[in-house]
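The values are calculated or read from the model by the stated rules, or taken from the named source; none is laboratory data. A quick note: this is a predicted structure, and the numbers were derived from the prediction, not measured. All Cβ positions, even for glycine, are placed from backbone atoms using ideal geometry, and neighbour counts span all protein chains on display.
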Amino acid sequence: MLTNAPRGTKDILPDQIAGWLLLEKKIRELCGLYGYEEIRTPTFEHTELFQRGIGEGTDVVDKEMYTFTDRGDRSITLRPENTASVVRAYLQNKLYANAGLVKLFYVGSMFRYDRPQAGRLREFHQFGVEALGEKNPAVDAEIILLAWEFLNSLGLTDLKLKINTVGCPACRPIYRQKLTEYFTAEADELCGDCRRRLTKNPLRILDCKVDGLKDFMEDAPKIETCLCDECREHFAGVKTLLTAAGVDFAIDPRLVRGLDYYTKTAFEIQYAPLGAQSAVAGGGRYDGLIREIGGDPTPAVGFAAGLERILLALDLQGLSPAPTKKITAFVVAGGEAAQVYAFKLLTDLRRQNISAAMDFGRKSLKAQMKQAAKSGAKFALIVGEDEVANSTVTVKNLETSAQESIPVAQVPDKIIS
RNA sequence: GCGGCUCUGGUGAAGUGGUUAACACGUCGGAUUGUGGCUCCGAUAUGCGUGGGUUCGAUUCCCACGAGUCGCCCCA
């Protein structure tokens, strides 16, 4: 259908723009406050970047990417997320050169071939933040705080912050092994999905909605028992700092991340009323990614937030901003003779920074007045033969219905006052 | 990728196997002399997601596809 946007895409119409602008404004303010700078990376990258960065075997890479071959026979992929690109840009442009800690943020569309649903589109928008070059848990805390404050500053309530640690290459394999053993013993009780996860990614069994409630889940090995000293201390550090900052968080040992690059801290902010797509922001530490992509081993933390989901949440709470109001003055022209005079008036007003409109369809005076009222304009500026002859304008205040004729030259002052 | 539900005008919607597809909002026009918001009058789907099929006849029944929605999955 020629008149339908592709499945999973949406037009953002004029009456929705206010919400987007609000988010973008908040994002830029807050990032400025925290000392993060904006970066814009290409919408598409070499497919290889995502395969390496996100990890083969993840759903995102295996079945959700928009991948195509370009005319030069390169495999190209529309970015399904922005962290890999930011890391690539960090390395390519040697952003590490002048700074210890590089702090970046981005806003843009991402692409994932998913089954569309409310809060899940194929082209969707994310705001994200990345801090590269520091392993101290203070960075984790700063990032989590930034995400948390962002959502709270919008007025959202009922947000839940969950944190966890997923270990590092030194200790995660041990935990993974333990889990595999434990769940293999329970294999008969597992759902079909989880039986598959058993070999692919046993950590995911922990947050399975079907098996999550079953008895054996209670006694499943906890990651605390496997953490190496470094990971344990790191996690303790994050918790201490978040507590110090007065943030209310819950430790969720079942929280795992779907992308391979995460290490240590993982977190998610949920807004339950959104239903199935309740994760509104999520992220964590990814100390292994930069090396994976070819740089020197560099610790890093980041998160991404889904803007459509946030907008949905704002809507649910009645916090969506009203569409911005339009125009100050509406010029009404009576008869042929006044057309040029009216057009000149219109232009002069705009040059004086007064927003103005008029009807170009030569409608009746009455119809034009209706239009003026509908436009939300505060003033109707009526010009007809008399006004042309005397170089005046009849200024009618549409809110009070008061009107008077004044010389054209005085119109801007009259309106501004 | 899997399953459930839904699909009538710009919007909210009523409705029937068969003459003009309610009603409301909106939009447009009008109610004598250059003026809006109230009121009144009039107009506004040859069309019922798309394509097939059943039928003498389908918007109403059946099938497929599409889109939306909810859940699974995944994730932001």
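Residues that are touching a Ser or Thr at 6+ places or on another chain (Cβ under 7 Å) and not in a helix (DSSP H, G or I) within segment A:5-41 comprise just one, A:THR41.
Residue check: A:SER278 meets all listed conditions (1) touching a Phe, Trp or Tyr at 6+ places or on another chain (Cβ under 8 Å); (2) under 20 Å from A:PRO137 (Cα atoms); (3) near RNA strand B (Cβ under 9 Å from one of its atoms) but one, namely (2). Looking only at residues in segment A:321-356 that are small (Gly, Ala, Ser) and under 16 Å from A:PRO412 (Cβ atoms), the one that is surrounded by the most Cβ atoms within 10 Å (Cβ to Cβ) is A:ALA329.
With the requirement that a residue be more than 7 Å from RNA strand B (Cβ to nearest atom) and part of a strand (DSSP E or B), what does segment A:401-417 give you? Steps first, answer last, please.
The initial filter retains those residues of segment A:401-417 that are more than 7 Å from RNA strand B (Cβ to nearest atom), namely A:402, A:404-417.
A:GLU404, A:SER405, A:ILE406, A:PRO407 - these are the residues of segment A:401-417 that are more than 7 Å from RNA strand B (Cβ to nearest atom) and part of a strand (DSSP E or B).
Please enumerate the residues belonging to segment A:124-159 that are within 15 Å of RNA strand B (Cβ to nearest atom) and either touching a Lys or Arg at 6+ places or on another chain (Cβ under 8 Å) or under 21 Å from A:LYS264 (Cβ atoms) (or both). Selection gives A:PHE124, A:GLY128, A:VAL129, A:GLU130, A:ILE143, A:ILE144, A:LEU146, A:ALA147, A:TRP148, A:PHE150, A:LEU154. Residues in segment A:361-391 that are more than 7 Å from RNA strand B (Cβ to nearest atom), within 16 Å of A:LEU346 (Cβ to Cβ) and in contact with a Ser or Thr (Cβ under 9 Å, 6 or more places away or on another chain): 4 in all.
Residues that are of a type in the set (A, V, I, L, M, F, W, C), surrounded by 17 or more Cβ atoms within 10 Å (Cβ to Cβ) and in contact with a Phe, Trp or Tyr (Cβ under 9 Å, 6 or more places away or on another chain) within segment A:190-223 comprise A:LEU190, A:CYS194, A:LEU198, A:LEU203, A:ILE205, A:ALA220, A:ILE223, listed in sequence order.
Of the residues in segment A:296-338, how many are under 26 Å from A:LEU22 (Cβ atoms) and either modelled with pLDDT of 95 or more or within 15 Å of RNA strand B (Cβ to nearest atom) (or both)? Write out each step before concluding.
Taking segment A:296-338 as the starting set, the residues that turn out to be under 26 Å from A:LEU22 (Cβ atoms) are A:302-328.
Retained after the next criterion (residues that are either modelled with pLDDT of 95 or more or within 15 Å of RNA strand B (Cβ to nearest atom) (or both)): A:302-316, A:323, A:325-328.
The total comes to 20.
For segment A:104-123, the set of residues classified as near RNA strand B (Cβ under 9 Å from one of its atoms) and among the small types (Gly, Ala, Ser) consists of A:ALA118, A:GLY119, listed by residue number. Out of A:GLY302, A:GLY295, one residue alone is closer than 30 Å to A:PHE235 by Cα, crowded, with 16+ Cβ neighbours inside 10 Å and touching a Leu at 6+ places or on another chain (Cβ under 8 Å). It is A:GLY295. Among the candidates A:ASP219, A:ASP207, A:ASP215, the residue that is over 23 Å from the mean Cα position of the chain (by Cα) and modelled with pLDDT of 80 or more is uniquely A:ASP219. The single condition from (1) surrounded by fewer than 21 Cβ atoms within 10 Å (Cβ to Cβ); (2) under 22 Å from the mean Cα position of the chain (by Cα) that A:TYR90 fails is (1). Of all residues in segment A:177-198, which are within 16 Å of RNA strand B (Cβ to nearest atom), more than 25 Å from A:TYR262 (Cα to Cα) and either not charged (D, E, K, R) or not in a helix (DSSP H, G or I) (or both)? Correct list: A:LEU190, A:CYS191, A:GLY192.
The residues on offer are A:ARG195, A:ARG176, and the sole one that is farther than 30 Å from A:GLY19 by Cβ and in contact with a Leu (Cβ under 8 Å, 6 or more places away or on another chain) is A:ARG176.
Residue pairs whose Cβ atoms lie under 6 Å apart, sitting 6 or more positions apart in sequence or on different chains, and linking a residue in segment A:44-66 that is in the same structural domain as A:LEU259 (by TED's automatic domain parsing) and over 18 Å from A:THR263 (Cβ atoms) to a partner that is assigned to a strand (DSSP E or B) and near RNA strand B (Cβ under 10 Å from one of its atoms), are A:TYR66/A:PHE111.
Name the residue, out of A:ILE327, A:ILE269, A:ILE310, that is more than 21 Å from the chain's Cα centre (by Cα) and of a type in the set (A, V, I, L, M). Break it down stepwise before answering.
On the way: A:ILE269 fails: more than 21 Å from the chain's Cα centre (by Cα); A:ILE310 fails: more than 21 Å from the chain's Cα centre (by Cα).
Criteria check complete, one pass: A:ILE327.
Residues that are in contact (Cβ under 8 Å) with a residue 12 or more places away in the chain, near RNA strand B (Cβ under 9 Å from one of its atoms) and in a loop (DSSP other than H, G, I, E, B) within segment A:199-223 comprise A:ASN201, A:CYS208, A:VAL210, listed in sequence order.
The set of residues from segment A:253-291 being closer than 20 Å to A:GLN117 by Cα and outside any strand (DSSP E or B) comprises A:GLY258, A:ALA272, A:PRO273, A:LEU274, A:GLY275, A:ALA276, A:GLN277, A:SER278.
Checking the conditions here, which among A:GLU385, A:GLU404 is touching a strand residue (DSSP E or B) at 6+ places or on another chain (Cβ under 8 Å) and in the same structural domain as A:GLU336 (by TED's automatic domain parsing)?
On the way: A:GLU385 fails: touching a strand residue (DSSP E or B) at 6+ places or on another chain (Cβ under 8 Å).
Criteria check complete, one pass: A:GLU404.
Matching residues to (1) touching a Gly at 6+ places or on another chain (Cβ under 7 Å); (2) not hydrophobic (A, V, I, L, M, F, W, C):
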{"site": "A:LYS178", "(1), (2)": "no, yes"}
{"site": "A:GLU181", "(1), (2)": "no, yes"}
{"site": "A:GLU189", "(1), (2)": "no, yes"}
{"site": "A:ARG204", "(1), (2)": "no, yes"}
{"site": "A:CYS208", "(1), (2)": "no, no"}
{"site": "A:LEU227", "(1), (2)": "yes, no"}
{"site": "A:LYS239", "(1), (2)": "no, yes"}
{"site": "A:THR243", "(1), (2)": "no, yes"}
